[in-house]
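Notes for the one structure printed next.
The values are calculated or read from the model by the stated rules, or taken from the named source; none is laboratory data. These numbers were taken from a predicted model, which means no experiment stands behind them. Cβ sites come from the backbone with ideal geometry, for glycine too, and all protein chains shown count toward neighbours. Protein only, heavy atoms only, side chains kept; ligands, DNA and RNA dropped before computing areas. Shrake-Rupley method; radii C 1.70, N 1.55, O 1.52, S 1.80 Å.
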Amino acid sequence: MKTNILENKSVVRLEILKVKDNSSFPYTDDIAVEEPLEIRVSFGREEQRETKNISVTMRTPGNDEELAAGFLFTEGIISAHQQVKKVAHSPKECSGNLENIIVAELTDDFLPRLMKSDRNFYTTSSCGVCGKSSIESIRTVSQFQHQEKHNRAISLETLYQLSESLQSFQNNFSATGGIHASGIFDLKGNLLALREDVGRHNALDKLIGHALFTEQLPLKDKILVLSGRASFELIQKAAMAGISVVAAIGAPSSLAVDLAKEFDITLLGFLRENRFNIYNQSRFLEIII
């Protein structure tokens, strides 16, 4: 996998007034773009094809196809990339909204798991759980939950360098200070792929969508590094993708810890400046101290 840097349309340059100490002065600032994206699915045989709106999420433009595919996968609506014909921005809407509507066209013989869910798929960049009927409704069972695991080891030196490595590749965060990132590393600390977005859930969905398209799921023996805190839904998405180690720059929530224990995911928090907390450690992983 190659590291991905967002397109220029993800950042807008504005003229502002900057205040420092007792003076003010004109300043050109880079601001992260936030726009809505409506995700739709098209399914059924050609003569009876249906299109349904699935989600509206606030996101940073760029990697929209991966975001849509990752969202559908982590929500359990699809389970394999072979179920998707193509993902593209809608050509049927007025030109002003073309890039804010994306349609996942599913294969003719595949029926998406829409009727099995009672969720209201309205998400925002700040709260991916909002609008869902209950916490229990997001406990989608990962198809990789029972994958075979092997004993692995990670050195402290590798773990300590992850946060700095993630930040060094976050070009848009450096420019705006307002972008979240999710990065996948191997067990030696090499960055394999990175996605950024104003929404931390969107950044992870983009990353998982990339892995889905490139047939790299499950992401076992990989480390997921989160630029912010570790919420329940982020751990749920990690579990859906078969990720076994999650390291967050910020704090985890109590439900995130519970879910990490349920899926035997090693969960680290406050990973910065040669320190971190271990909230759960897989019985298959040794941290060499």
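When segment 253-268 is examined, which residues are found to be over 21 Å from Glu75 (Cβ atoms) and buried (at least 22 other Cβ atoms within 10 Å of the Cβ)?
Thr266, Leu267, Leu268
Just the residues that are exposed (fewer than 12 other Cβ atoms within 10 Å of the Cβ) and modelled with pLDDT of 85 or more, please, taken from segment 81-106. Write out each step before concluding.
Residues of segment 81-106 exposed (fewer than 12 other Cβ atoms within 10 Å of the Cβ): 82, 86, 91-92, 94-96.
Those that are exposed (fewer than 12 other Cβ atoms within 10 Å of the Cβ) and modelled with pLDDT of 85 or more: Gln82, Lys86.
In segment 46-82, which residue that is assigned to a helix (DSSP H, G or I) and touching a helix residue (DSSP H, G or I) at 6+ places or on another chain (Cβ under 6 Å) is farthest from Arg195 (Cα to Cα)? Show your work before the answer.
The first filter runs over segment 46-82 and keeps only residues assigned to a helix (DSSP H, G or I), leaving 46-48, 64-74, 81-82.
Filter once more, so that each one left must be touching a helix residue (DSSP H, G or I) at 6+ places or on another chain (Cβ under 6 Å): 66-67, 69-71, 73-74, 81.
Numbers: Glu66: 10, Leu67: 10, Ala69: 14, Gly70: 12, Phe71: 14, Phe73: 17, Thr74: 16, His81: 19 Å.
Top of the filtered list is His81.
So, in segment 55-74, how many residues would count as being closer than 16 Å to Ile208 by Cβ and either among the aromatic types (Phe, Trp, Tyr) or open to solvent by 10 Å² or more (accessible area, probe 1.4 Å) (or both)? Steps first, answer last, please.
Here is the first cut: in segment 55-74, the ones closer than 16 Å to Ile208 by Cβ are 55, 57, 59, 62-74.
Retained after the next criterion (residues that are either among the aromatic types (Phe, Trp, Tyr) or open to solvent by 10 Å² or more (accessible area, probe 1.4 Å) (or both)): 63, 65-66, 71, 73.
Of the residues in that region, 5 qualify.
Which ones in segment 190-234 are crowded, with 21+ Cβ neighbours inside 10 Å and part of a loop (DSSP other than H, G, I, E, B)?
Of everything in segment 190-234, those that are crowded, with 21+ Cβ neighbours inside 10 Å and part of a loop (DSSP other than H, G, I, E, B) turn out to be Val198, Gly199, Leu219, Ser227, Ser231.
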